[in-house]
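Here the structure is laid out as structure tokens; the discussion comes afterwards.
The values are calculated or read from the model by the stated rules, or taken from the named source; none is laboratory data. The shown structure was predicted, so the numbers you read here are calculated from the model rather than taken from an experiment. Cβ: placed from backbone, ideal geometry, glycine included. Neighbour counts: every protein chain shown. All accessible areas refer to the heavy atoms of the entire protein, side chains included, with ligands and DNA or RNA removed. Shrake-Rupley method; radii C 1.70, N 1.55, O 1.52, S 1.80 Å.
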Amino acid sequence: MGGSAGGLATYLHADYIHEQLKGITSGGLEVYKTVGIAGFFLDHGNLDGEKVFGDQMKYIFNRTNARRSVNSDCVAANAGHEGDCFLPQYAIKHIKAPLFVVNTAIDSWQTRCIFNAKYLEGWPDHNAPASVRCSAFPDMAKCSEDLEECDDDQYDTMMTYMDDFYDVIFSQEVLRRPGNGAFIYADHVHDPAPKSNSAYLSPTADGVTMQQAVSMFWNSPVTTAASENWHSARPLPELTPVPTPVPTPVPTPVPNPVPTPVPTPVPTPQPTPVLAPEPTPAPTPLPTPVPTPVPTP
């Protein structure tokens, strides 16, 4: 468990610490779970759309060669964009250990130092201990620090950050995995839990306090449905079920019809022609014998 920067570290190192503990415990771990409090910093643009905070984090990642210090599965899945793994909305997708996110959807540090931030002059080659200016938009400075100071239009603008936070948190499939969950409330604070026990008991979401939500998560089996460990000022949208594709029926092959044999026509017997009898030839008449003349004496 960690808060603020410690919450971010929880997301970055959850599985590494888990593996280390498993290696040094003789009887095996009975329970290992991770709770990040106030550390879910968005990779979000400022009022001009510039991702000042995200750029800063990726710059630190590259300058410190931190690829071996974050989740190796995340690094492998983000080849060429390994710096994303320094930001929780990308890192938690790869956490295998049971995970619980505790965060307000309208974090006061984020409204000042992400949504209303600007780069320092000359960044990243500036010579200053800080790398970002918080509450840097003069017209929105007071509003970003205290929502009570916002006019109607400013308040609506600030609520777009809350909407975006919910969109990002709701899209995290890992938080719907059995054994995982979240406590997302809507107070404009940063990290109330470490300040006092009363602060740990005061934020509520879905009628449950932060303390109750964390306790239920810690004591629940890892097979518990995520919906039972999900407490949010806005209800967790149901996933649109992906319809099971109906297989295209394979048509039963129609056998080729056996052609009906065409009977060989039996020729109509031709009547045997009756031959006309040949006429009996008339007898050749014998020549009348000519008497031999008697010579005259």
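So if I average 1/r over every pair of distinct C-alpha atoms in the range 49-108 and take the inverse, what Kirkwood radius in Å does that give? Kindly include the intermediate steps, with their values, before the conclusion.
Values: mean 1/r = 0.0795 Å⁻¹.
Evaluated over the range 49-108, this radius sits at 12.6 Å.
With a 1.4 Å probe and all protein chains left in place, how much of the accessible area of the range 1-152 comes from carbon and sulfur atoms, in whole percent?
48
With the cut-off at 28 Å, tell me which of the pairs Lys51/Lys142; Lys51/Lys93; Lys22/Lys58; Lys22/Lys51; Lys58/Lys93 have Cα atoms farther apart than that.
On the way: Lys51/Lys142 21 Å; Lys51/Lys93 21 Å; Lys22/Lys58 31 Å; Lys22/Lys51 38 Å; Lys58/Lys93 18 Å.
Long pairs (Cα-Cα over 28 Å): Lys22/Lys58; Lys22/Lys51.
Give the residues of the range 78-103 whose amide nitrogen is closer than 13 Å to a point set 7 Å from the Cα of Ser69 in the direction of its Cβ.
The answer is 86-87, whose backbone nitrogens lie closer than 13 Å to the label point.
Can you give the three extents of the C-alpha atoms in the range 1-123 along their principal axes, from longest to shortest, in whole Å?
54, 31, 20
May I ask you to compute the full-extension gain from Ala76 to Glu121, defined as 0.36 nm times their residue separation minus their alpha-carbon distance, rounded to one decimal in nm? Display every interim value, and only then the final one.
Working: separation 45, 0.36 × 45 = 16.20 nm, distance 3.42 nm.
Taking Ala76 through Glu121 to full extension adds about 12.8 nm, to one decimal.
Roughly speaking, what is the stretch gain from Gln154 to Thr223, that is 0.36 nm per residue apart minus the C-alpha to C-alpha distance, in nm to one decimal? Present the calculation step by step, with values, prior to reporting the outcome.
Values: separation 69, 0.36 × 69 = 24.84 nm, distance 4.34 nm.
Length gained between Gln154 and Thr223: 20.5 nm.
How long is the gain from Asp163 to Ser198 if the chain were fully straight, where each residue apart is worth 0.36 nm and the alpha carbon distance is subtracted? Mind showing how you got there, number by number?
On the way: separation 35, 0.36 × 35 = 12.60 nm, distance 2.77 nm.
So the extension gain works out to 9.8 nm.
Could you work out how far apart the two model spin labels at Glu50 and Thr25 are, taking each label as a point 7 Å from the Cα in the direction of the beta carbon, and quote it in nm?
Rounded to a tenth, the inter-label distance reads 4.7 nm.
Find how many whole Å separate the alpha carbon centroid of the range 4-67 from the alpha carbon centroid of the range 131-200.
Between the Cα centre of the range 131-200 and that of the range 4-67, the gap is 18 Å.
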